[in-house]
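Here's the structure, in structure tokens; my notes come after.
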Amino acid sequence: MSCLVCTITILAAASVAWAVLLLPPSIAVFVIISRVSLLHPIQWISECVSLLTSATAIFSFILLCGVVLIVGFLNLEYYTVIPSIACSKIALLGQLLHPRQFVSSLVHCILGVIVAWCCAVTIGGRYQTLGYPCTQADGSPQLCLNEYQVILLLAGAFVGYCHSVLGVIHNMNYVSFHTVQQYKYLRFKGSLPLVVKCSAIQALYSVRNYLVVYFFLGYVPRTWICKTLNLQLNRLVCSLHPLDTIAGLLDFSLLYHLWISGTFLLFTWYITLLLFRIFVTEVYSFPVQSSFTEDVHQCLPKVLTGQQPAILKFLALHDLALLSQHSPSRRSEVFSLSQPGGHPHNWNAISQECLSLLADLTQRLVAHHDTVATNGRAKSLSTGSDKKSLSSESSGTILLSSQGTEDVMTPRPSVLIKTPASVFLRSSVGSPLTVPFTPDLDSPFSSPALRRLAGPVEQCSPWHGTVQSPHIMRRGPKLWSTSTGERGLQNKTEHVIPIVDPCAIWVKNFLAKRVLIMYLLNKLPEASSQALFADTQSHIWALEGLSYLVKASFSEDQFGVVQTTLPSILSSMLVLQEAVDRHFKLPHASSKPVRSTSSMEDSSYKTLRFALRATLKTAIYRITTTFGEHLNAVQMSAEHQKRLQQFLEYKE
Amino acid sequence: IFKHEVFDNQPFVIPLSLYFPRESLKPHSRTESSSKAAFLDHCETLWMRSAAAWRDAGLTGLLNEIANSSAEVPKWLSVSSGCVLALLQRISSFHGSLFPHLTLSSEDMIAEFSQVLKWSDCAVRAFAWHPHTDKFAVALLDDSIKIYNPKSATAPTLKHRLQRSVAAVQWKPLCASALAVACQNCLLVWHVDPCSLSTRPSSGCAQVLSHPGHSPVTSIAWSPSGSFLVSASPMDTNMMVWDVAAESCVPLQRVGGGGVTFLSWSPDGSHVLASTPAALFRVWETRMWTCERWPCLKGRCQSGCWSPDGSRLLFTVQGETVIYALTFTDTPGIPSNTKGPKAAAVVADLSETTFNTPGGDIVVGGEIQSLAWDPRGERLAVLLKGQEHFSLDRPAMIAVFKTRTSPIFELLPCGFVQGEPGTEPRLMQFHPNFQHGALLTVCWSNGRITHVPFYFLSAGMARHGLGGSPPQPRPEERPADYINQTLYTELTT
């Protein structure tokens, strides 16, 4: 396992190495663009060449290498394959104010200053130095502050800060897997224009905002720098327009250089991010079985079932989906029997893991539906009074986490991907404020974990070999409601502390009347649905893998190992299908994906639920078209038989 | 001429032939410019007009607006925008001289590159059988799509604001309801609930997939696994791979050729044929999405079709009267160094021939419009373009060949399919799972749709007794003597 985790690190290192290799050309392009003078082309080119071979350029290159290394490290440290979706404004605020995020913002600010300094030195001219010799009014020589460099350095810090904040808002650390496989080079080539465009546009907006901020607050850092470095502010001799006046800021060449520097900064960082995403999400081929015992932990069934970092589990599921589709030789290994004993260990491990993933999602959906069915209906009747009752009702169970010091942003290696509940638990504790106001969002997600505590019967794979309809599940105890909250949760106090405090309820009711608070508390549209399906890429692969394997088993499975699991596969798919259908009929769930804008933000998590719905249907059809009438011989409940018949007649 | 002989012992009922008279369908003329003339000129500020021009026609429109309103803008602005406009036109005309098809209007472009013969005045512009059931979709001249299902009394009509100049329709495999439509400006994916009784599904049932610069869409193809949809436009050098559920696309760009005109996905899902307007076509491998370039000598690749196991590609080239074949031996999943064949082989020559028939001499042959191979790989239908000018009148006609792929590839003439006097075939497609042989559906120039059955027993079918299952890759090995005794064909000409 450690070896596999190393693999990810090595991939990240390779991506950083490529980013460093790409630095010299991007520096060259930056120099050429920043010194552009169409009237003197020969002078322009010769200046650029001499600058690129100078010692300053090499020094800034080394500095920029350091910056790229740190950015690459931050990418590796903060990335996640399961996005943390803030369900309300206040949860988002909590994420932004979290210490971990604060550290990241600070580091980005510093890196921004470093890059901006490199830019200043490269552009040269009036940006070259921080101080310059000048004479005061009384004639004494002194060192004065060069405001042009200050404005550039601060712009770097500002753009860096914006980058880090927008990264949180847009889930920039989310790494998605592409459905269309391409070689790394082609993928990079395809995304390069997008990166250039995004960094230029983002830099434009950041610089605009920065200028507004500098116009009003620019004097603060300027006087501070003057005081610390003992420099004089000379407004008489050199600069005709002080830079915090409108006339001073409307210097076209200054704006151009600010924009170019911002673009360069964002470009290098985005390239690092892009390369990281490309390298980490590349298909990794796990061996299905190995004859050497020391390699067994690297085999697909072991990686799938073991306690792995989320990324490894995702890679394994991705590999499973691809092997089931494309490679007959690896499929035959899945269907094979163990040498002494003759057990289909590989198939059992893979199918059990996939089925438990599907069952888990079904449970989550049913639980969510139940909460919405009970709370949501009351909510839709009227607005004012019911909100109060809703919040008081849901304040029964409040989720608290004792691991406040631990990171919020990424699911660290220790985190299971079983359910994103843990992600939400942790992401919602950014600030103490968050906690009381988000329970109605978090409670449905936490319920699978609670269910396991309460009912040991529903362990692992509730669908295995038995026939259960979701109606049975729906009768399960509603642990998130006030009445039952205390009973079921006593053994897990480290995660969930029930608070039924009339005082707190009163405070909440009081706050609920304030407009700002309500604004912060209101659910973001779509967010709860997105959050529910945040890790659904794994379910999509599980469905694809299972359905392709079952399809292939029709002709390739010599020992009939799949036959034994076919009823449970079919029934779990049908149950999930019903749950997904019900989810899409909820009033708040939109039936169509929103248009994704072209930016560096990877918004594919927003459409995962639609992809799941389509994949699920296709997966069932794949099995029914392959097996046809033979499915009538499969042991299943009458309800599921009826549903399968619908699929056999192409009426779904 | 056509009478469908319904055999008493055949459980399969051949779908009824349909008739769409050309006169009953009005082509819609809804171009923006035509409706503009009907309204009074309204004085707007320059800002408003510029914004509207930018929205409607992009940069060119904006520059045009500024250049035309020289009275209101400073002189330098109008002059410079005029200069930029002239420069842009120069560049685009240079680009157009490199790729002549770019100068066509989008309607002409669809007509030029469509698989349908004389697409512009065709009553039936596109036709698609559902891959698993007996329903089919018909796109008509008036931009509506009708869906016919023998098991249901309702025939839903699909209309959408963006559904204009439909070039192709195709049903999603492994799905009962999704129908992709290639339109002038976008792709539409309709979700038509098979159990619904509604005759006019709302436009809310359609997903709109569009990408800037990717119009008009002339060809679409679903992957046989139902996971992707690829679309092609002659104006766009990108071939789009759509994840329809997420409405996201991955552009696969190859500049050579200047666009993509025709797409065909092999039935086993491993390859995609993509032809370009230039004398070049590509065969994409769908695992890692890399492509092989195939330059042609004479013209662009006009049409192509795959054998059921995806190992053999037949294609035709514009300006030539032969059918070429390419064989792909590498099995999917195992990356092999052998990149398939080095050159295409000619398998059939369809140059002009005269046949003596009791009704007089018939001249047959010439250029090929489209190819269709039946899902079992036993019949190949070839739509010949025909020729009308000069004294020599050669009508468009469908030639049918018997084919077999193993042990060696064979192509034997089987017969011709001809319509009523004065009509010519425009479009054809094989039924994807006709149980008693092959069923060719032909759309005629008079708006009639008929079905031509070919009854035969195939060895593959006898071995695989899967009722109604989709085209499975059939096993290659087949006793040769078995075929000869089971072949019989009913041609209803």
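The values are calculated or read from the model by the stated rules, or taken from the named source; none is laboratory data. Given the structure is predicted, the values throughout are model-derived calculations rather than measurements. Note that each Cβ is placed from the backbone with ideal geometry, even for glycine, and that neighbours are counted across all protein chains shown.
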**Fill in**
Counted residues in the range B:130-147 being closer than 15 Å to B:Ser177 by Cβ and either not in a loop (DSSP other than H, G, I, E, B) or not assigned by the TED database to the domain that holds B:Asp374 (or both) come to 4
**Message:** I'm checking my understanding of the structure. Among residues of the range B:281-298 that are hydrophobic (A, V, I, L, M, F, W, C) and not in a strand (DSSP E or B), which one is surrounded by the most Cβ atoms within 10 Å (Cβ to Cβ)?
**Reply:** B:Cys296
**Request:** Any chance you could count how many residues in the range B:205-236 are within 21 Å of B:Arg282 (Cα to Cα) and either among the aromatic types (Phe, Trp, Tyr) or in contact with a helix residue (DSSP H, G or I) (Cβ under 6 Å, 6 or more places away or on another chain) (or both)?
**Result:** 5
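How many residues, within the range B:365-393, are part of a strand (DSSP E or B) and either surrounded by 18 or more Cβ atoms within 10 Å (Cβ to Cβ) or not assigned by the TED database to the domain that holds B:Leu314 (or both)?
Residues of the range B:365-393 that are part of a strand (DSSP E or B), as a first pass: B:368-373, B:379-384, B:387.
So of that shortlist, the ones also either surrounded by 18 or more Cβ atoms within 10 Å (Cβ to Cβ) or not assigned by the TED database to the domain that holds B:Leu314 (or both) come out as B:368-373, B:379-384.
Number of matching residues: 12.
Looking only at residues in the range B:164-180 that are more than 12 Å from chain A (Cβ to nearest Cβ) and touching a Ser or Thr at 6+ places or on another chain (Cβ under 6 Å), which one is nearest to A:Ala614 (Cα to Cα)? Spell out the reasoning first.
Narrowing the range B:164-180 to residues more than 12 Å from chain A (Cβ to nearest Cβ): B:164-170, B:179-180.
Okay, now just the ones that are also touching a Ser or Thr at 6+ places or on another chain (Cβ under 6 Å), so B:167-168.
Numbers: B:Ala167: 25, B:Ala168: 22 Å.
The selected residue is B:Ala168.
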**Prompt:** With the range A:1-117 as the region, which helices (runs of 4 or more DSSP H) entirely inside it contain at least 2 residues that are modelled with pLDDT of 90 or more and within 22 Å of A:Val196 (Cα to Cα)?
**Reply:** A:2-21, A:23-34, A:55-78
**Complete:** Residues of the range A:602-636 being facing another protein chain (nearest Cβ under 9 Å), in contact with a Pro (Cβ under 6 Å, 6 or more places away or on another chain) and hydrophobic (A, V, I, L, M, F, W, C), in sequence order, are A:Phe610
**Request:** Give the number of residues within the range B:137-192 that are among the aromatic types (Phe, Trp, Tyr) and under 27 Å from B:Cys249 (Cβ atoms).
**Result:** 2
**Prompt:** Going through the range A:1-46 one residue at a time, which ones are touching a residue at least 24 places away in the same chain (Cβ under 8 Å), under 19 Å from A:Leu254 (Cα atoms) and polar (S, T, N, Q)?
**Reply:** A:Ser34
**Request:** Determine which member of the set A:Leu211, A:Leu194 is modelled with pLDDT of 90 or more, over 30 Å from B:Met239 (Cβ atoms), part of a helix (DSSP H, G or I) and not aromatic (Phe, Trp, Tyr).
**Result:** A:Leu211
**Residue ID - surrounded by the most Cβ atoms within 10 Å (Cβ to Cβ), chosen from residues in the range A:531-549 that are of a type in the set (Gly, Ala, Ser) and under 13 Å from A:Val81 (Cβ atoms)** = A:Ser538
**Filter result for A:Gln95 (among the polar types (S, T, N, Q) and in contact (Cβ under 8 Å) with a residue 40 or more places away in the chain)** = yes
**Complete:** Wholly inside the range A:281-343, helices (runs of 4 or more DSSP H) that include 2 or more residues that are in contact with a strand residue (DSSP E or B) (Cβ under 9 Å, 6 or more places away or on another chain) and more than 19 Å from A:Thr565 (Cβ to Cβ) are A:310-326
**Prompt:** Which one of these is over 23 Å from B:Asp134 (Cβ atoms) and acidic (Asp, Glu): B:Glu388, B:Glu378?
**Reply:** B:Glu388
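Hey, any hits in the range B:299-311 for a residue that's of a type in the set (D, E, K, R), assigned by the TED database to the domain that holds B:Leu174 and not in a loop (DSSP other than H, G, I, E, B)? Before the answer, list the steps.
Here is the first cut: in the range B:299-311, the ones of a type in the set (D, E, K, R) are B:300, B:309.
Remaining after also requiring assigned by the TED database to the domain that holds B:Leu174: B:300, B:309.
With the extra rule that they be not in a loop (DSSP other than H, G, I, E, B), the set shrinks to none.
Looking through the range B:299-311, none of the residues is of a type in the set (D, E, K, R), assigned by the TED database to the domain that holds B:Leu174 and not in a loop (DSSP other than H, G, I, E, B).
Among the listed residues B:Pro234, B:Pro212, B:Pro224, B:Pro251, which satisfies the condition of being in contact with a strand residue (DSSP E or B) (Cβ under 6 Å, 6 or more places away or on another chain) and assigned by the TED database to the domain that holds B:Val169? Talk me through it step by step, then tell me what you get.
Numbers: B:Pro234 fails: in contact with a strand residue (DSSP E or B) (Cβ under 6 Å, 6 or more places away or on another chain); B:Pro212 fails: in contact with a strand residue (DSSP E or B) (Cβ under 6 Å, 6 or more places away or on another chain); B:Pro224 fails: in contact with a strand residue (DSSP E or B) (Cβ under 6 Å, 6 or more places away or on another chain).
Among B:Pro234, B:Pro212, B:Pro224, B:Pro251, only B:Pro251 is in contact with a strand residue (DSSP E or B) (Cβ under 6 Å, 6 or more places away or on another chain) and assigned by the TED database to the domain that holds B:Val169.
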**Message:** It is to be established whether one or more residues within the range B:221-241 are within 14 Å of chain A (Cβ to nearest Cβ), within 19 Å of the chain's Cα centre (by Cα), polar (S, T, N, Q) and buried (at least 23 other Cβ atoms within 10 Å of the Cβ).
**Reply:** yes
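Kindly establish whether A:Phe554 is outside any helix (DSSP H, G or I) and touching a residue at least 24 places away in the same chain (Cβ under 8 Å).
When the stated conditions are applied, A:Phe554 does not pass them.
Could you tell me how many of the residues in the range B:242-268 are outside any strand (DSSP E or B) and surrounded by fewer than 22 Cβ atoms within 10 Å (Cβ to Cβ)? Reasoning before the result, please.
Going through the range B:242-268, the residues outside any strand (DSSP E or B) turn out to be B:244-247, B:254-261, B:266-268.
Checking which are surrounded by fewer than 22 Cβ atoms within 10 Å (Cβ to Cβ) leaves us with B:246-247, B:254-256, B:258, B:268.
So the count comes out to 7.
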**Item:** Residue that is loosely packed, with under 15 Cβ neighbours inside 10 Å, under 26 Å from B:Ser406 (Cα atoms) and either in contact with an Asp or Glu (Cβ under 6 Å, 6 or more places away or on another chain) or modelled with pLDDT under 90 (or both), where the choices are B:Thr353, B:Thr329
**Value:** B:Thr329
**Enumeration of residues in the range A:631-652 that are surrounded by 14 or more Cβ atoms within 10 Å (Cβ to Cβ) and either among the basic types (Lys, Arg) or assigned to a helix (DSSP H, G or I) (or both)** = A:Leu631, A:Glu639, A:His640, A:Gln641, A:Arg643, A:Leu644, A:Gln646, A:Phe647, A:Leu648, A:Lys651
**Item:** Unique residue being more than 15 Å from A:Ala19 (Cα to Cα), surrounded by fewer than 21 Cβ atoms within 10 Å (Cβ to Cβ) and within 21 Å of the chain's Cα centre (by Cα) when the list is A:Leu97, A:Leu76
**Value:** A:Leu97
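Tell me, yes or no, whether the range B:83-100 has at least one residue that is of a type in the set (D, E, K, R) and either buried (at least 17 other Cβ atoms within 10 Å of the Cβ) or under 26 Å from B:Ile449 (Cβ atoms) (or both). Reasoning before the result, please.
Restricting attention to the range B:83-100, the residues satisfying the condition of being of a type in the set (D, E, K, R) are B:90.
Going one step further and asking which of them are either buried (at least 17 other Cβ atoms within 10 Å of the Cβ) or under 26 Å from B:Ile449 (Cβ atoms) (or both), we end up with none.
So far as the range B:83-100 goes, no, none of its residues is of a type in the set (D, E, K, R) and either buried (at least 17 other Cβ atoms within 10 Å of the Cβ) or under 26 Å from B:Ile449 (Cβ atoms) (or both).
Of all residues in the range B:181-197 being within 16 Å of B:Pro234 (Cα to Cα) and outside any loop (DSSP other than H, G, I, E, B), which is nearest to the other protein chains (Cβ to nearest Cβ)?
Across the range B:181-197, the extreme among qualifying residues is B:Leu187.
The rows are residues; the columns are (1) in contact with a helix residue (DSSP H, G or I) (Cβ under 7 Å, 6 or more places away or on another chain); (2) away from every other protein chain (no Cβ under 14 Å); (3) among the hydrophobic types (A, V, I, L, M, F, W, C).
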position	(1), (2), (3)
A:Ser290	yes, yes, no
A:Thr293	no, yes, no
A:Lys302	yes, yes, no
A:Leu312	yes, yes, yes
A:Ala316	yes, yes, yes
A:Asp319	yes, no, no
A:Ser338	yes, yes, no
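Listed residues A:Ser389, A:Ser395; which is buried (at least 22 other Cβ atoms within 10 Å of the Cβ) and at pLDDT below 85? Walk me through it before giving the result.
Numbers: A:Ser389 fails: buried (at least 22 other Cβ atoms within 10 Å of the Cβ).
Within the list A:Ser389, A:Ser395, the selection yields A:Ser395.
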